[in-house]
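For reference, the structure is listed below as structure tokens.
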Amino acid sequence: MMTIPTLKQLEDVYRLVRDCVSGHIYDSSPVDFASDLGTQFVLHPTILKMSKPPRLASWIANGIASSLDFLFLSRLESQRADYWQTLYASVSMGAPYLIFCSEDDDLAPHQIICNFAQRLQDLGGEVKLVKWNSSPHVDHYRHYPTEYKAAVTELLGKAAVIYSHRIRQLEGEGVGFEGSQDQISEPFYNLKKAPKL
């Protein structure tokens, strides 16, 4: 029979998960979502595999987006604000960021991504922004494999050091590891037995 965890146990597990986040990678993101983002994505030439979408498809997609605006505008704006607030709050995790973008990406405008990177830095985040003049949406690795691999390798090196430090710190505090394996979910219990970096 499974027992319901106490609030203290839940807090310890959530803290353990939060403390294990040791790096963030954004590739052609984040994007500022609006009701027409789905329309832009669906009608994008790389998705449709044609240079220009059929006029009927454009009308239908835009009609659906306009209807959603009318029905859910206040809810979309509220969710949009929560989305950005959550992304910015991730700075409190103390993990470095690696952000890839391209100046000619029309699905993820580079100015939005650059503003995001700047705001993270203003909030105290360690951010590396890799920006190319021309690279298709979410296809940077294929066009710039050397630079992409180097940036990811650098971030993973930093993340490994952060993770190792945090796990040692958590072990010293005993956070999340009290009780038997039956009282703690198995993946978190097994973290205690994970090899140290």
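Couple of notes before you dig in:
- Residues of the stretch 103-127 classified as surrounded by fewer than 15 Cβ atoms within 10 Å (Cβ to Cβ) and modelled with pLDDT of 95 or more, total: 5
- For the stretch 2-16, the count of residues that are at pLDDT below 75, open to solvent by 70 Å² or more (accessible area, probe 1.4 Å) and within 30 Å of Q169 (Cβ to Cβ) is nonzero.
- When residues in the stretch 83-101 are screened for being open to solvent by 20 Å² or more (accessible area, probe 1.4 Å) and within 22 Å of A150 (Cα to Cα), 1 of them pass.
- Scanning the stretch 135-142 finds no residues that are among the basic types (K, R), within 17 Å of H24 (Cα to Cα) and open to solvent by 60 Å² or more (accessible area, probe 1.4 Å).
- Within the stretch 143-170, the set of residues being open to solvent by less than 70 Å² (accessible area, probe 1.4 Å) and within 30 Å of K8 (Cα to Cα) comprises A159, A160, I162, Y163, S164, R166, I167, L170.
The values are calculated or read from the model by the stated rules, or taken from the named source; none is laboratory data. The structure presented is a predicted model; accordingly, all values stated were derived computationally and were not measured. Heads up, the Cβs are rebuilt from the backbone with ideal geometry, glycines too, and the neighbour counts pull from every protein chain shown. What goes into the accessible areas is simple: the full protein's heavy atoms, side chains included, and nothing from ligands, DNA or RNA. Shrake-Rupley method; radii C 1.70, N 1.55, O 1.52, S 1.80 Å.
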